[in-house]
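Notes follow the structure.
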Amino acid sequence: MKLVFSNGEHATVLLASGVNRVGSDPEGAAVLQLPGIEMRHFEIHVTGTGANLQLPEGGGAVTVNGKPVKELMALRTGDVLGFGNVTAKFVAGDAPRTMHGGAPLPPAMLAAAQAMGDGDSGATRVRAAPPKFVLRGVSGTTFGKMYAVTGPMSIGRSAECDIAIPVDEISRRHVLVRPNATGLQVEDLGSSNGTFINNKRVQQGQLNPGDELRLDQLRLILVAPGMEIQQVQQRPAAEVDAKPAANTGIKIVAIAVILASLAFIGWLLLGR
């Protein structure tokens, strides 16, 4: 997947899995220091099933095929994005490199396809944004499995969901989760058996790191990367602290035995 800039304002950008930020922020996937471009103008979330355009807080105005974007929007190949004075084309696939029958395209035809933005060999490959949150399965067939949440993602038993979990008790499209500053915003999608946060049934709710998300009997824990590592790193220190305490207890017992022995010896001497 890529963004092809119609008027050359930026090199073609290959969209990585996860969050791709477009704006004037130097850390973005596409950096445009132009009038009318906000710091984080918009984001494209790439998942295993496609790409969605989302406007973050403080984002700028964006149109897709001339229509203003007001909420989360799925992108399709050929969509034209407008923002500020910039236009860019979203392309979902690469240019064909072979003709019917398997013969390679002649160099002139391949070059023409690349010039149209469907195979730009000079495209900029961007860093993939690491997932901010991960759902970890703690029950049934999902036990121990990790599901990275890289953007707005649907969860259900349908293979069309961003996180597909083939369990009969959950609905085909059970719940939608959206990352925010502190965790995940959870929205039940009309499921049959309900969505629960820490055993409280919700239609919409906030899931923070350490909280349990339950879809019927399927249980998932929200983890922020690094949270468990910190807990593991803290254990040796706790164990080291416990050893002196144990040694202190042994010393106290030994002293008590010695004192008792001395008292007994003294009693014998006095008795004589």
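The values are calculated or read from the model by the stated rules, or taken from the named source; none is laboratory data. It should be emphasised that the depicted structure is a prediction, and the values quoted were computed from it without experimental measurement. Methodologically, a virtual Cβ is constructed for each residue, glycine included, from the backbone with ideal geometry; neighbour enumeration extends over all protein chains shown. Heavy atoms of the whole protein, side chains included, go into the accessibility calculation; ligands, DNA and RNA do not. Shrake-Rupley method; radii C 1.70, N 1.55, O 1.52, S 1.80 Å.
Values for this structure:
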item	result
Strands (runs of 3 or more DSSP E) contained entirely in the stretch 25-76, each with at least 3 residues that are under 17 Å from the mean Cα position of the chain (by Cα)	42-47, 50-54
Candidates Gly23, Gly18, Gly58, Gly28, filtered to the one that is of a type outside the set (Phe, Trp, Tyr) and surrounded by fewer than 17 Cβ atoms within 10 Å (Cβ to Cβ)	Gly58
Out of Lys70, Lys89, sole residue that is in contact with a Leu (Cβ under 9 Å, 6 or more places away or on another chain), of a type outside the set (Gly, Ala, Ser), at pLDDT 85 or above and open to solvent by 50 Å² or more (accessible area, probe 1.4 Å)	Lys89
Any chance Val4 is open to solvent by less than 50 Å² (accessible area, probe 1.4 Å) and in contact with a Pro (Cβ under 8 Å, 6 or more places away or on another chain)	no
Scope the stretch 174-207; condition in contact with a Phe, Trp or Tyr (Cβ under 8 Å, 6 or more places away or on another chain) and of a type in the set (A, V, I, L, M); matching residues	Leu184, Val202
Top-ranked residue in the stretch 124-162 [being among the charged types (D, E, K, R) and modelled with pLDDT of 60 or more; ranked as nearest to the chain's Cα centre (by Cα)]	Lys132
Residue identified as part of a loop (DSSP other than H, G, I, E, B) and out of contact with any Gly (no Cβ under 9 Å at 6 or more places or on another chain) among Ala16, Ala11	Ala16
Conditions (1) over 30 Å from Val134 (Cα atoms); (2) modelled with pLDDT of 85 or more; (3) aliphatic (A, V, I, L, M); number of the one not met by Ala95	(2)
Residue among Ser121, Ser192 that is open to solvent by 20 Å² or more (accessible area, probe 1.4 Å), among the hydroxyl-bearing types (Ser, Thr, Tyr) and modelled with pLDDT under 90	Ser121
